[in-house]
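Let me begin by presenting the structure, written as C-alpha cells, before commenting on it.
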Amino acid sequence: MAPLTDDPLEKARILVRQGATAQAKQLYKILLESEPGNQRAQDELAALERRSEQFSALSQLLQQGDHAAVLAKAEVLEQEHPDSVFLLNTMAVAHAALKQFEPAIARYTKAIEIRPDIAAFHNGLGKVLSEASRQDEAIASFGRALTISPRFTDAYYSLGIALRAVGRHDEAVASVARAVQLEPNSAEIIHHHGAALCDAGRYQEALAPLRRALQIAPGVIGTHIYLSIALNKLGRYSEDLVCLNEILKIDPTVADVRGQKLFLQAMMCDWASRDEDAEMFPTLGIEGAALRPFVMLSLEDNPARHKSRSENFARQRYNQPELPPIAIPAARPERLRIGYFSADFNDHPTMYLLVRLLELHDRAQFQVYAYSYGPPVQDAMRVRAEAAVDVYRDVHHLGAAEIAKLAREDGIDIAVDLMGYTKNARTEIFARQAAAVQINYLGYPGTMGAPFIDYIIADKTLIPPEQRMHFCEKIIDMPNSYQATDNTREISARAVTRSEMGLPENGFVFCCFNNSFKISPAEFDVWMRLLEKVEGSVLWLLNSNPWVEPNLRREAQKRNIDPERLVFAQRVPISDHLARHRLADLFLDTFNYNAHSTASDALWSGLPVVTKFGQGFASRVGAGLLNAIDLAELITKSEEEYERLALELALNPAKLGELKEKLSEHRLKKPLFDSEKFARHIEQAYRRIYGRYIDAKAPEDIEIAAN
C-alpha cells in the first residue's frame with residue numbers, strides 16, 4: 001500500500017507504521033543525502049535503527065519459543081510504538097501460542113486495520129479464530145487471505161482444517177488438495193488431505209495420500225490412525241490390524257489404539273492373544289491415556305472399571321468450552337421440545353427399536369425433533385423416521401458447536417443422546433450443552449462418566465441399588481424395561497425353509513445372531529459342549545465379517561466339534577431376518593455384552609432366549625427384556641446354570657414347546673412390546689426431569705410408576 005503524500009518525511013513515517021521498515025530506512029537516507037542537516041530525519045532514522053535492534057531481539061525470542069518473554073518485552077515497546085504492525089503481529093503470535101485467544105484476535109484485528117493488504121495477518125487471525133472454535137469467522141479470514149494471495153499454501157491448508165471442523169467435508173478436501181498441489185512434499189499437508197477424505201467418507205481415496213504421507217514421515221502416529229480408520233471402514237480388517245500393530249510398535253502406550261486393536265480382534269473372533277491381553281485390563285484406559293470405553297464393554301464385565309474408563313475418557317476428550325449457560329425460562333413451555341440426536345436415523349438396530357416411540361409421542365404435550373449427523377442415507381427407515389418427527393434436521397455437514405447452537409435456537413428442552421460412546425458418536429455436541437437437560441439413552445449400555453450428561457434411562461434389572469455407584473448420571477428408572485420397542489414390525493410371510501438356510505431339517509438349531517465382537521471363548525466353550533451333548537444339533541450364527549467363519553470353525557475344531565456344525569447366516573432385509581428366527585429352536589445369549597435389539601428380534605419372532613445375568617448394564621439387558629415379557633425362567637446366574645438350562649430345553653421338546661407357547665401368549669400382553677405404554681412412561685419421565693429443572697432443582701434419581 002503506497003503512502004498517499006508527496007512529503008518524503010511523512011512518506012517514511014507512513015512506511016514505518018505499515019511495517020515497511022527497509023523502505024522507510026531507504027527513504028530517510030535519500031532525504032538525508034539531499035538534506036544532511038535535517039535533524040528530524042536524523043532523529044527518526046536513529047530511532048528506527050534502535051527500534052529495529054529491539055524488534056530483532058524480539059524476533060529471536062519468538063523463534064526460541066519464549067512467548068511469555070516476548071509479551072513482557074513487547075508490551076513495553078507497545079507503549080512507544082502502539083501502531084507498529086510488526087509488534088501487533090508478534091504479540092498476536094505469542095498470545096496464540098499461549099492459547100490467549102481474545103488478545104491475539106484483538107491484536108491481529110488492529111494490525112489488519114492498519115495493513116488490510118497483508119495476507120499473513122488474515123491467515124493468522126483465521127488460525128486463532130479456528131482454535132477458538134469460531135469457525136465461520138475463521139473461514140472468512142482465510143478467504144480474505146487467499147483473495148490477497150491466491151497461492152498462499154498455509155491459508156488453503158488452514159481453511160481445510162476449519163472446514164473439516166464444521167463438517168463441510170468436500171470443501172475441506174478441495175482446499176487441502178490445493179495446498180498439496182502448492183507444496184507436494186509436505187507430510188503434514190498430505191496427512192490432512194487423507195484425513196479430510198476420511199471425514200468425507202471417501203475412504204478408498206484416502207488410502208493413497210495417507211500412505212504417501214507415511215512414506216515421507218513414517219513415524220507420525222496420527223497418520224497411521226487415519227489409515228487404520230480408512231482400512232476399518234473399508235472392511236479390510238487384516239490390513240487394519242497390521243496398521244494398529246505398527247502404531248503400537250512406535251508407541252505401546254497409546255491406549256485408544258490398544259483398545260481398538262482388542263475390539264478389532266473381537267470383531268474377527270481372533271482370540272489368539274485373548275488371555276495375554278486380559279492382563280492389561282485392570283489399568284487399560286483407567287490409568288494414563290484414555291480409550292473409547294465402548295471397546296471394553298464386550299471384553300470384560302466389570303462396571304467399576306467401565307465407569308473409570310468413561311470418566312477418564314470424558315475428562316481427556318471433552319474439555320471444550322461450553323456455550324453460554326442456558327437461562328431457565330420464566331414459565332413452563334406448553335409443549336416440551338425433545339431432541340433426539342443420532343448418526344443412525346436409517347436402517348439400523350437402534351432405529352428399529354426407537355422409531356415407534358417417535359411416532360407415538362403425544363403431540364399435545366411434546367414436539368419432537370431429530371438431529372441426524374450421520375451420512376444422509378435414504379432408505380425406508382430414514383423416510384419413516386423423518387415422517388415420525390415434527391422437525392427433522394440433517395446436520396451431518398455441521399460442526400458440534402453449530403449443532404448445539406442450532407438445538408438451542410430450536411428451543412430444545414431435553415436432548416437425548418442415542419449413541420453415547422458408540423461408533424460415529426459426536427459426544428462433543430453435548431459437551432457444548434445442546435439443551436439444559438441431557439440424557440444418555442439406548443445406544444450406549446453404561447455410564448458416560450461425563451458431567452454434561454444429566455440422566456441415563458434404565459430399569460431395576462439393569463441398575464439395581466447395589467450397582468448405583470457405577471453410574472455418574474442420575475437414573476430414570478422405567479417400570480418394566482428401559483428399551484423402546486416397535487409393536488408394528490412386520491415379519492415376512494415368505495415361507496423360508498431350513499434347507500434354504502443351510503440348516504438340518506430335523507436337528508436342533510441353537511442360534512445367536514449377536515454381532516461377532518460379543519462372542520468370547522467363555523460362551524463359545526459352552527456352545528461347543530452343547531453341540532457335543534445334543535446329537536445332530538447345529539449352531540447358527542451371523543456372518544458379521546469375512547474372518548468370523550474361518551476363525552470360529554477353527555475354534556470349533558480345537559474343541560473337537562465338526563466345523564460344519566456351525567452354520568453362518570448372511571445379512572438380509574429385517575422382515576426376512578425376523579421370519580428366519582422361526583427356523584431356530586433356541587437363542588443363546590452372549591455373556592459380557594448381551595443381545596439387545598437382537599434379543600427383541602428373537603422374542604418378537606417367537607424364539608425363546610436363554611441369557612446369563614451379569615454385573616454391568618450391558619450384561620443385564622437380556623434379563624431385563626425377559627423380565628418385561630414375564631419369562632424370568634430363561635434367566636440364569638452362572639455359566640453352569642446357563643449350560644444346564646440350554647441343554648435341558650434342547651433335550652426336552654415338551655418343555656421347550658410350553659415356553660414357546662407362553663412366549664406367544666405374552667408377546668402382545670406383557671409390557672415389553674407395549675409401545676404405547678412405554679411412550680406414556682418415558683413422557684412421564686421427561687415431564688418430571690424438566691419439572692425439576694424449571695424449579696431450579698438439581699437432577700436426582702427418579703422412578704416411573706407402572707400406571
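Computed on the chain, with alpha-carbon pairs under 8 angstrom and 6+ residues apart, the relative contact order is 9 percent. Put simply, the amide H of CYS472, placed in the peptide plane, has neighbours under 5 Å in MET448, GLY449, leaving out anything fewer than 5 places away on its chain.
Helix-only estimate, please: 222 nm mean residue ellipticity of the chain, summing -39500 (n - 2.57) across DSSP H runs of length 4 or more and dividing by its residues, to the nearest 500. The partial results should precede the final answer.
Working: 30 runs with 367 residues, N = 707.
Per the formula, -16000 deg cm²/dmol.
The residues of the chain expose on average 41 square angstrom of accessible surface per residue, using a 1.4 Å probe on protein heavy atoms.
Using unit Cβ charges (K, R positive; D, E negative) and no other charged atoms, how large, in debye to the nearest 20, is the dipole of the stretch 169-250 about its Cα centre? Could you put the intermediate results ahead of the total?
On the way: 7 positive and 9 negative charges, 38 e Å.
So the dipole magnitude of the stretch 169-250 works out to roughly 180 debye.
Taking the Cα centre of the chain as reference, the dipole from Cβ charges on Lys and Arg (+1) and Asp and Glu (-1) amounts to some 380 debye. Listed values for the stretch 322-333 are Karplus-derived 3J(HN,Hα) couplings in whole Hz (6.51 cos²θ - 1.76 cosθ + 1.60, θ = phi - 60°), namely 5, 5, x, x, 8, 6, 5, x, 5, 9, 5, x, and x replaces Gly and Pro. Backbone amide hydrogens, once placed in the peptide plane, bring ILE702 within less than 5 Å of ILE475, ILE476, ASP477, excluding anything fewer than 5 places away on its chain. What the Cα atoms of the chain give is an Rg and a Dmax of 31.4, 119 Å. Electrostatic bookkeeping for TYR455 treats Lys and Arg as +1 and Asp and Glu as -1; over the other residues with beta carbon under 15 Å from its beta carbon, the sum is -4.
Magnitude of the Cβ-charge dipole of the stretch 435-507, K/R +1 and D/E -1, about the Cα centre, nearest 20 debye?
Working: 6 positive and 9 negative charges, 3 e Å.
Dipole size: approximately 20 debye.
Each peptide in 417-425, 680-688 receives the mean, over its residues, of other Cβ atoms within 10 Å, and ordering these scores from highest gives 417-425, 680-688. In this structure, the pairs whose alpha-carbon distance is over 31 Å, taken from LYS261/LYS612; LYS127/LYS249; LYS533/LYS662; LYS249/LYS637; LYS612/LYS662, are LYS127/LYS249; LYS249/LYS637. Rounded to the nearest whole Hz, the Karplus-based 3J(HN,Hα) values (6.51 cos²θ - 1.76 cosθ + 1.60, θ = phi - 60°) of the stretch 664-681 follow the sequence 4, 5, 7, 3, 10, 10, 8, x, 3, 9, 8, 4, 5, 5, 4, 4, 5, 5, with x at glycine and proline. Rounded to the nearest 10 degrees, the inclination of helix 255-268 to the longest alpha-carbon principal axis of the chain is 30 degrees. Ordering of 272-281, 226-235 by packing is 226-235, 272-281, highest average first (other Cβ atoms within 10 Å, averaged per residue).
Accessible area of the chain with a 1.4 Å probe: how many percent of it is carbon plus sulfur?
Numbers: 14750 of 29180 Å².
In the chain, the share of accessible area belonging to carbon and sulfur is 51 percent.
Mean sequence separation of contacting Cα pairs (under 8 Å, at least six apart), scaled by the length of the stretch 510-618, corresponds to a relative contact order of 30 percent.
Report the FRET efficiency, 1/(1 + (r/R0)^6), for LYS533 and ASP136, where r is their Cβ-Cβ distance and R0 is 56 Å, rounded to 0.05. Calculated transfer efficiency: 0.30. Proximity of backbone amide H atoms, modeled 1.01 Å from N, is registered between LEU586 and VAL509, CYS511 at under 5 Å, excluding neighbours fewer than 5 places apart on the same chain.
Would you mind estimating how fast the stretch 559-707 diffuses translationally, via Stokes-Einstein at 4 °C and 1.567 mPa s with the Kirkwood radius over Cα pairs, in µm²/s?
Values: Rh = 17.5 Å.
Taking Rh from Cα pairs, D becomes 74 µm²/s.
Angle, helix 639-651 long axis vs. longest principal axis of the chain, Cα atoms, 0 to 90°, nearest 10? Rounded to the nearest ten degrees, it is 50. Per-residue 3J(HN,Hα) values for the stretch 470-478, derived from phi via the Karplus relation 6.51 cos²θ - 1.76 cosθ + 1.60 with θ = phi - 60°, read 8, 10, 7, 6, 6, 9, 8, 8, 6 Hz in sequence order (x marks Gly and Pro). For the chain, the longest principal axis of the C-alpha atoms and the axis of helix 548-558 are separated by about 50°.
The values are calculated or read from the model by the stated rules, or taken from the named source; none is laboratory data. Just so we're clear, the structure is a prediction, and the values are computed from it rather than from any experiment. Don't worry about glycine lacking a Cβ; one is built from the backbone with ideal geometry, like all the others, and counts go over all protein chains shown. To get the accessible areas, we keep the full protein, side chains included, count just its heavy atoms, and leave off ligands, DNA and RNA. Shrake-Rupley method; radii C 1.70, N 1.55, O 1.52, S 1.80 Å.
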